[in-house]
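A quick write-up on the structure given underneath.
The values are calculated or read from the model by the stated rules, or taken from the named source; none is laboratory data. Predicted, not measured: the structure shown is a model, and the values here were computed from it. Every residue, glycine as well, gets a Cβ built from its backbone with ideal geometry; the counts of neighbours run over all protein chains shown.
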Amino acid sequence: MNDAEFEKWSCKGGIGTCSGTDTDKFAKFKLTPVQSKVVRPPLIKECLANIECKVIDIITKHNIVVLEAVAAYIDTARKEKRTVHAVGDGTFIVDGLKIDRRKMMAPNIPFYKLKKRQQEQQYYGT
């Protein structure tokens, strides 16, 4: 996957750092909604695969949402089959290739926010 393709599919990491509650992600990241068959949220045309899921439990104490897959689709016509996975610390894996975006995403990663706050507390003595 070349850099341009990664940028297109990862949306520069931004899609995972904003909320759909106050941002139209389809418009902001130029994605195409496709009517799902089982659940209300749409599928994403630009994705290699889509999984329709129902929420079956929410474990609030640990911020865990338990999902049940009810339908799955794959775009068999798509030539590029490699996928991009967010690790959660500002890095991404493209079928084994780790791409570091920590510097760009640091303001949105809880670990770095905590680290910065601790550094500020040490500096200011608060």
Report task. For segment 68-88, enumerate the residues that are assigned to a strand (DSSP E or B) and farther than 14 Å from residue 36 by Cβ. Result -> 68, 74, 84, 85, 86
Query raised in the report: Pick from 35, 122, 118: which is at pLDDT 90 or above and polar (S, T, N, Q)?
Result: 35
Query raised in the report: Is it true that some residue in segment 62-70 is surrounded by fewer than 11 Cβ atoms within 10 Å (Cβ to Cβ) and on the phi > 0 side of the Ramachandran plot?
Result: yes
Report task. Pull up segment 22-70, narrow it to residues that are under 23 Å from residue 85 (Cβ atoms) and hydroxyl-bearing (Ser, Thr, Tyr), then point me to the one that is farthest from the chain's Cα centre (by Cα). Result -> 36
Report summary line: Sole miss for residue 39 among (1) surrounded by 11 or more Cβ atoms within 10 Å (Cβ to Cβ); (2) touching a Leu at 6+ places or on another chain (Cβ under 9 Å) is condition (2)
Query raised in the report: So residue 77 clears everything in (1) over 19 Å from residue 17 (Cα atoms); (2) within 16 Å of the chain's Cα centre (by Cα); (3) small (Gly, Ala, Ser) except one condition, right? Which one?
Result: (2)
Report task. Would you please list the contacts, defined by Cβ atoms under 7 Å and residues six or more apart or on different chains, that run from a residue in segment 38-62 that is farther than 20 Å from residue 15 by Cβ to a residue that is in a loop (DSSP other than H, G, I, E, B)? Result -> 54/39
Report task. Answer yes or no as to whether residue 44 is surrounded by 12 or more Cβ atoms within 10 Å (Cβ to Cβ) and out of contact with any Leu (no Cβ under 6 Å at 6 or more places or on another chain). Result -> no
Report summary line: Within segment 31-59, residues assigned to a loop (DSSP other than H, G, I, E, B) and β-branched (Val, Ile, Thr) come out as 32, 38, 39
Query raised in the report: Would you say residue 116 is more than 20 Å from residue 15 (Cα to Cα), basic (Lys, Arg) and either surrounded by 12 or more Cβ atoms within 10 Å (Cβ to Cβ) or under 18 Å from the mean Cα position of the chain (by Cα) (or both)?
Result: yes
**Report entry** Top-ranked residue of segment 71-98 - restricted to ones that are within 16 Å of residue 15 (Cα to Cα), aliphatic (A, V, I, L, M) and in contact (Cβ under 8 Å) with a residue 60 or more places away in the chain, ranked as surrounded by the most Cβ atoms within 10 Å (Cβ to Cβ)
**Finding:** 84
Query - Out of 49, 106, 4, sole residue that is of a type in the set (A, V, I, L, M), at pLDDT 85 or above and either surrounded by 15 or more Cβ atoms within 10 Å (Cβ to Cβ) or out of contact with any helix residue (DSSP H, G or I) (no Cβ under 6 Å at 6 or more places or on another chain) (or both) - result: 49
